[in-house]
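The values are calculated or read from the model by the stated rules, or taken from the named source; none is laboratory data. Here the structure is a predicted model, which is why all the values come from computation and not from measurement. Neighbour counts run over all protein chains shown; Cβ positions are idealised from the backbone, glycine included. In case anyone asks, the SASA skips ligands and DNA or RNA and just uses the protein heavy atoms, side chains included. Shrake-Rupley method; radii C 1.70, N 1.55, O 1.52, S 1.80 Å.
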Amino acid sequence: MAVTTSMPRAESSSIEDVEVDLLLEGVYRVGGFDFRNYARASLWRRIQNRLRAEKVDTVTSLLDRIVHDASCMDRFVGGLSVNVSAMFRDPGFFQALRAQVFPLLRTWPYIRVWQAGCSTGEEVYSLAIMLAEEELIGRCRIYATDINEDVLDKAREGIYPLELMQKYTQNYIRAGGTRAFSEYYTAAYGNAIFRPALRDQVVFAKHNLVTDGSFNEFNLVLCRNVMIYFNRSLQDRVHRLLYDSLANFGVLGLGSKEALSLTPLRDRYDELDAPHRLYRRMT
């Protein structure tokens, strides 16, 4: 949705850019959420969706509502957060974890894992299942974080539509699962309720990759398909955060469209499994 104006398109676009800049600055100052270095094309599409949802005509009107209505701020942040997930998404990645990474994790007496940008938790439960099957979960703590409290609440519940279980079962099998996938959940009222024991070693917590710092030292950090929404400077900032959060010889897992090759830290890692974006910190 654009600003109503009779000015030439180039000038109109400039005004829209100014409005978006002011909106993002206001959200940062009032709410502490920093979207200023998100990729603009993706960000603009989500702002347009929010304009329609809030039934306002201009970005400036949306800013006015956001700074005076905390619930609108929550809706805005939720709308800008990208929450696309699935259990054992990209099964080859999980096969690589089992074959390449878990043998390394066995060498540590206690294992800390950070799942950054965990969304609604599907990947967290996938990881917990695999660690349980490899008999590593008992000496492991998984920190699952996201910027969005609403999706964290869903992740804590561990309840997903039962209709998705056929797809997730196929993903699990392709990922090298060793048991019947149905052992891990109970079916009730059209939902799959995952076993509470899978959450015993998981800490769900709010964390903002853009503004927050490192909070522990980890043996494995997974941040998959999160940075594709950031511009280059923010990607570099987050890569530094992930690097600082890894123990020496710890492993970083990225998404299929992400890589270290263009970052200043590329020489600090060895490629453990390049096709599946797994890298080991060496310095």
Inset, instruction - List every residue pair whose Cβ atoms lie under 6 Å apart, where the two residues are 6 or more positions apart in sequence or sit on different chains, the first residue falls within the stretch 130-159 and is at positive phi, and the second residue, located anywhere, is part of a strand (DSSP E or B). - result: Gly158/Phe194
Inset, instruction - Tell me, please, whether a residue that is surrounded by 17 or more Cβ atoms within 10 Å (Cβ to Cβ), modelled with pLDDT of 95 or more and farther than 24 Å from Arg98 by Cα can be found in the stretch 162-175. - result: no
Legend entry - Residue that is crowded, with 17+ Cβ neighbours inside 10 Å, acidic (Asp, Glu) and modelled with pLDDT under 90, where the choices are Asp34, Asp17: Asp34
Inset, instruction - Could you pull out the residue among Val20, Val27 that is within 12 Å of Phe76 (Cβ to Cβ), in contact with a helix residue (DSSP H, G or I) (Cβ under 7 Å, 6 or more places away or on another chain) and not aromatic (Phe, Trp, Tyr)? - result: Val27
Inset, instruction - Would you check which residues across the stretch 248-263 are among the small types (Gly, Ala, Ser), part of a loop (DSSP other than H, G, I, E, B) and under 16 Å from the mean Cα position of the chain (by Cα) and list them? - result: Gly255, Ser256, Ala259
Inset, instruction - Scan the stretch 12-35 and report the pairs whose first residue is touching a residue at least 12 places away in the same chain (Cβ under 8 Å) and outside any helix (DSSP H, G or I) and whose second residue is surrounded by 13 or more Cβ atoms within 10 Å (Cβ to Cβ) and among the hydrophobic types (A, V, I, L, M, F, W, C), with Cβ atoms within less than 6 Å and a gap of 6+ or a chain change. - result: Phe33/Val27; Phe33/Val77; Asp34/Val210; Phe35/Leu24; Phe35/Leu80
Legend entry - Yes/no for Leu222 being modelled with pLDDT of 95 or more, over 17 Å from Ile147 (Cβ atoms), surrounded by 14 or more Cβ atoms within 10 Å (Cβ to Cβ) and touching a strand residue (DSSP E or B) at 6+ places or on another chain (Cβ under 9 Å): no
Inset, instruction - Kindly establish whether Arg46 is surrounded by 13 or more Cβ atoms within 10 Å (Cβ to Cβ), assigned to a helix (DSSP H, G or I) and among the basic types (Lys, Arg). - result: yes
Inset, instruction - Determine whether the stretch 205-214 contains at least one residue that is part of a strand (DSSP E or B) and either modelled with pLDDT of 95 or more or over 17 Å from Gly255 (Cβ atoms) (or both). - result: yes
Legend entry - Residues of the stretch 119-144 that turn out to be over 24 Å from Tyr243 (Cβ atoms), in a helix (DSSP H, G or I) and charged (D, E, K, R), as a count: 3
Legend entry - Those helices (runs of 4 or more DSSP H) lying entirely in the stretch 50-118 with at least 1 residues modelled with pLDDT of 95 or more and more than 21 Å from Tyr172 (Cβ to Cβ): 102-105
Legend entry - the stretch 39-57: number of residues that are in contact with a Leu (Cβ under 7 Å, 6 or more places away or on another chain) and more than 10 Å from Leu80 (Cα to Cα): 3
Inset, instruction - Check whether at least one residue in the stretch 225-244 is modelled with pLDDT of 95 or more, outside any helix (DSSP H, G or I) and over 14 Å from the mean Cα position of the chain (by Cα), and report yes or no. - result: no
Legend entry - Given (1) of a type outside the set (Asp, Glu); (2) at pLDDT below 95; (3) more than 17 Å from the chain's Cα centre (by Cα); (4) open to solvent by less than 60 Å² (accessible area, probe 1.4 Å), number of the condition Leu198 does not satisfy: (2)
Inset, instruction - Could you tell me whether the stretch 148-155 includes any residue that is in a strand (DSSP E or B) and open to solvent by less than 40 Å² (accessible area, probe 1.4 Å)? - result: no
Legend entry - Matching residues in the stretch 201-217 - criterion: being open to solvent by 50 Å² or more (accessible area, probe 1.4 Å) and aromatic (Phe, Trp, Tyr): Phe215
Legend entry - Criterion: acidic (Asp, Glu) and crowded, with 19+ Cβ neighbours inside 10 Å - qualifying residue of Asp244, Asp273: Asp273
